[in-house]
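Coordinate-derived values only; no laboratory data. Given the structure is predicted, the values throughout are model-derived calculations rather than measurements. Here the Cβ positions follow ideal geometry from the backbone for every residue, glycine too, while neighbour counts run over all protein chains shown.
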């Protein structure tokens, strides 16, 4: 179902949603960037061009979460407005890990109580490469509804029942000419991205290549790429004052695979960086049929030494 | 929905001191119905919680054919194991599991079995050895080679008599260097294999031990004629969730916790095993 | 400048004076710089030197023990090398330090030039260098005003009440995601097992809550007391924009006032907190 409505009508609807949901959306924090924050007033919500620093995976795979049965789970309904199509598709990939064999009820509960309304990208920068990995700015996977900004009005593509409950009564259905214009705008979006790379089929035969030492030479094992990635899901389980804490962990950390005996199967940056690339572009594909990367470019933007994973796989000596 | 991360309470009903730093803990679930319904295959493991310390991974070292208790042998090494060694009979711990694929019992039936163990590597193999002995007719000749640095480091000493006397079963014990009153073999496990020359026809080798032992045992077995598909091992890596979600124990596209810990060497070669 | 640099690099590698040259090369986006590790003479042509050369390459020095290495540094990065030498983490005879006269570098994330780090850079051109390459085209920086105070922002914070300061830092640390990037980019953070990774005992919570975040950031700042060289990499790397330099600068100011000590400017100096002088102020040991 597709509907069209004026922006003023949308703003009023957001205000009414504030009473029903915990509304979360991109908010500009000074000159530090865009962050997903609780929205208390319409003015806080940023629905312009740009991408958040942290992905919305932190609302499903919570960065610090207690996993005891006695922990009282949050029950309130949440609404995320303004998500990018790339990271919504990332959530679908995470579903394959957490909502499959051994269902993770913490993740699943968070998924069920959240409605995701996306915003089709208004602009893309030089680091975006979703189209090289099967996505694009109009992708609706992972969304309950997808908004298209058309200057004075929004067009919404309603995908699920949850989306219908939010938007079903808003505005009106599109007239024939409005539909044509929307489809024209939609088609233009695919051209927003400048970067195009060929994702490799499989990498197994270059596992032992010196290439991995070269591309990882500058890596500082800092973990930013994994923490900000919409699809990275590695975590640690520790006892925190008698409670079982799940916190983010990173395959880039030097002690990620360090065994108590002192043996470490991935002792240097070469093995660790190779593991990250292989997990995303080989192992996950073997297990689930898709790359574990949506081309959002967050890792590239925030890497302190500008390691660019899109170039790493584009230049891989396959 | 069940909380897959929640351990079940179990009580320590007995503790056996195997060596200076290895203890075997015998556990019983607090909930008796759980104790009855808990079923596992040799080679599977559990995530063991010590209150206020954390979790650690241990294989179940007793055979499912002898499951009055659930046995885990623990070497004192780090935070959780040290705390575990301080516990007494009657103390409560937590158990999650069983996890893992276990040994491929159907592929072992009708074969000669060569068990090769080093130090505490005997723990997962003991489960399988006793399972085979309790189902003796299903398996052909059994040869056990068990080595340790010194005689003080040998585990499950109380089992050796029964294994030596079992039908069609040979036990070879070895230590690295000669000691007083030691009448069995002397030499590292790979050297002992070269001396014994076990036959490879219709045989499967099951190997478990420290990485350095595996590194030198593997070429010896290959030279003896065992093909990589017929050499299986059970691996240990740093594990946390045990469920294939935390992403740390993967070898290639397989997780040691979910798709292992039992692998054949043919599999490991295909998977780019980072030994 | 660049030609001199490349020629020297080629010469050092050709004569086997060094096994490795740590420098800057162009990043994949064709605009920024990236760290480059050169082992062959021909690769020296990929070296660059411009306002995008932001990183403190001294962080990489400890990854190559035993190898003879050359490194190109800005005067601010060279301070880190001095501290590493003072702390015996690297050997002087394994280093060939090439200093570059610097006109300031750009922080792309926050727009143009680094705020105070470059604008108010007072670092002298001289230092511990085996070779210093001057910039013939360097424009003279405007003279510092007489009342210039490099700790102005710190004094402003000190004037605030404890409650106000706590509120400020609670807001900043609430964004900390405990990615430990600040630690990894810092050349002074080289502990093989960081206090945050210890399990026996676990000194502070790994949870990314205010408790653990305060513990982590404050502990790190205190572990850097007298050792932080003010390169600003921590603040630049922080993905969520926490003003980490403010904490380190406050400690820097206190140390300057208490001990008249500035880190990493003089190789003859001893590390501040691991040496003592009879004239040191103290009330607690008599």
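Of note:
- Neighbour counts of C-beta atoms inside 10 Å place A:64, C:153 in the sequence C:153, A:64, starting with the fewest.
- Highest GNM mean-square fluctuation among A:170, A:147, A:228, for chain A modelled with Cα contacts below 10 Å: A:170.
- Chain A, helix-only ellipticity at 222 nm - DSSP H runs n ≥ 4, -39,500 (n - 2.57), divided by all residues, nearest 500: -8000 deg cm²/dmol
- Region A:19-136: translational diffusion in µm²/s, Stokes-Einstein, Kirkwood Rh over Cα pairs, 4 °C, 1.567 mPa s: 84
- Gyration tensor verdict on region C:189-242 (Cα atoms; rounded if a/c is under 1.5, prolate if a/b is larger than b/c, oblate otherwise): oblate
- Highest-MSF residue in chain B out of B:127, B:37, B:49 [GNM, Cα springs under 10 Å]: B:37
- Expected-Rg normalisation [2.2 N^0.38 Å, Cα atoms] applied to the protein assembly as shown: 1.06
- Shape of chain A, Cα gyration tensor, a/c cut at 1.5: oblate
- Across the alpha-carbon atoms of region A:58-102, the computed radius of gyration and Dmax are 12.7, 35 angstrom.
- Computed from Cα positions, the angle between helix A:176-189 and the longest principal axis of chain A comes to roughly 20 degrees.
- Per-residue [θ]222 nm for chain B (sum of -39500 (n - 2.57) over DSSP H runs n ≥ 4, rounded to 500): -6500 deg cm²/dmol
- Calculated Rg and Dmax of chain C using C-alpha coordinates, Å: 19.9, 63
- Beta bridge orientation in region B:44-169: antiparallel %, DSSP, nearest 5: 60
- Fewest-first ranking of C:160, A:96, using other Cβ atoms within 10 Å as the exposure measure: C:160, A:96
- Across region A:197-296, counting alpha-carbon atoms alone, Rg and Dmax equal 14.8, 48 Å.
- Helix B:211-223 axis, angle to chain B major axis (alpha carbon atoms, nearest 10°): 40
- Each part gets one Cα centre, and for region C:168-236 versus region A:67-108 those centres are 29 Å apart.
- Cα-based shape type of region B:105-234, given that a ≥ b ≥ c are square roots of the gyration tensor eigenvalues and the cut on a/c is 1.5: oblate
- Remark: region C:152-274 projects, on average over all directions, an area of 8.4 nm² (convex hull of Cα atoms).
- Helix A:85-98 axis, angle to chain A major axis (alpha carbon atoms, nearest 10°): 60
- Rg ratio (alpha-carbon, reference 2.2 N^0.38 Å) - region B:8-99: 0.98
- Computed log10 I(q)/I(0) for chain B at 0.09, 0.10 Å⁻¹: -0.40, -0.50, from the Debye equation with unit scatterers placed on every C-alpha and solvent omitted.
- Shielding by other protein chains, B:45-57, mean Cβ within 10 Å: 2
- Counting, for every residue in A:238-250, the Cβ atoms of other protein chains within 10 Å of its Cβ and taking the mean gives 6.
- GNM flexibility winner over chain A from A:84, A:185, A:291 (Cα, springs under 10 Å): A:185
- Radius ratio Rg over Rh of region A:141-253, counting only Cα atoms, Kirkwood formula for Rh: 1.15
- For region C:1-79, the Kirkwood estimate of hydrodynamic radius, built from reciprocal distances between every pair of different alpha carbons, is 12.7 Å.
- Mean per-residue shielding of peptide C:31-37 is 4, counting Cβ atoms of other chains within 10 Å of each Cβ.
- Protection proxy ranking, peptides B:256-264, B:22-30, C:38-46, average beta carbon neighbours within 10 Å, highest first: B:256-264, B:22-30, C:38-46
- Inter-part distance where region C:239-286 and region A:286-304 are each reduced to a Cα centre, Å: 42
- Nearest-0.05 FRET efficiency for residue B:91 and residue B:229, computed from C-beta distance (R0 51 Å): 0.70
- For B:9, A:61, A:192, order by how many other beta-carbon atoms lie within 10 Å, fewest first: B:9, A:192, A:61
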